[in-house]
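Read-outs throughout are calculated quantities, based only on the coordinates presented, and are distinct from any laboratory measurement. A quick note: this is a predicted structure, and the numbers were derived from the prediction, not measured. So basically every Cβ, Gly included, is an ideal-geometry build from the backbone, and we count neighbours across all protein chains shown.
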Amino acid sequence: MTTHIQTIYTEDKTPFADTVNSWLEGLGFHVLPFQENDELTEKIDAVVIFHDNHNFDKRTAELRDLFEIHQAPIHKIDLSGTMNVALSHLSLFFDRTKCKDVLFIGSEGIKDHPKMDFFKEKWNL
């Protein structure tokens, strides 16, 4: 269950955010834009990275590295992999971390990935 999540952040005005924000809000999540600053970086207690076969654009890699330095738990969802595994592992990640403020990030190309719609349809809260 994800009832402990208070806020999901996405990078403002990116194709990935445009793809997921309305979907997340439709699920009842409070979605806010992520702006890189020390206060918000410290507040975020988990990161979820959507990717295709471990291909990260420069910005996604920079954010991954930033949160690795801050030792935030990071979960990667490979959209080229098996979706049932990705879905169950994400649920386990949220159950294990009990995170409250989560950053969702992904490269621009993820918005058009054919499995993104499947993921959004099947993610069981």
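When the GluC sites (Glu not before Pro) in the range 1-110 are filtered for DSSP coil states and for at most 14 other beta-carbon atoms within 10 Å of their beta-carbon, the remaining sites are Glu36. The stretch between Asp65 and Asp95, if pulled fully straight at 0.36 nm per residue, gains 8.5 nm over its current Cα-Cα span. Between Asp112 and Lys13, residue separation times 0.36 nm minus the direct Cα-Cα distance comes to 34.0 nm. Of all DSSP-defined beta bridges confined to the chain, some 5% are antiparallel rather than parallel.
Taking other Cβ atoms within 10 Å as a rough exposure proxy, Arg64, Arg59 sort from fewest to most as Arg59, Arg64. Cross-link pairs exceeding 20 Å in C-alpha to C-alpha distance, out of Lys13/Lys111; Lys76/Lys122; Lys100/Lys122; Lys76/Lys111, comprise Lys100/Lys122.
Cross-link partners of Lys115 among aspartates and glutamates, defined as those whose alpha carbon lies under 14 angstrom from its own and excluding same-chain residues fewer than eight positions apart: Asp52, Asp78.
Residues considered: Ala61, Ala17, Ala46. Largest GNM mean-square fluctuation over the chain, using C-alpha springs under 10 Å, is found at Ala61. For the chain, relative contact order (Cα pairs under 8 Å, six or more residues apart, normalised by length) works out to 38 percent.
Return the sequence-ordered ³J(HN,Hα) values of the range 9-26 in whole Hz as given by the Karplus equation 6.51 cos²θ - 1.76 cosθ + 1.60 applied to θ = phi - 60°, using x for Gly and Pro. Once rounded to whole Hz, the list reads 9, 9, 5, 5, 6, 10, x, 5, 4, 4, 6, 9, 4, 5, 4, 5, 5, x. Residues Leu103, Leu63, Leu87 in ascending order of nearby Cβ atoms (within 10 Å, fewest first): Leu87, Leu63, Leu103. Arranged from fewest to most other beta-carbon atoms within 10 Å of their beta carbon, Leu24, Leu66 become Leu66, Leu24.
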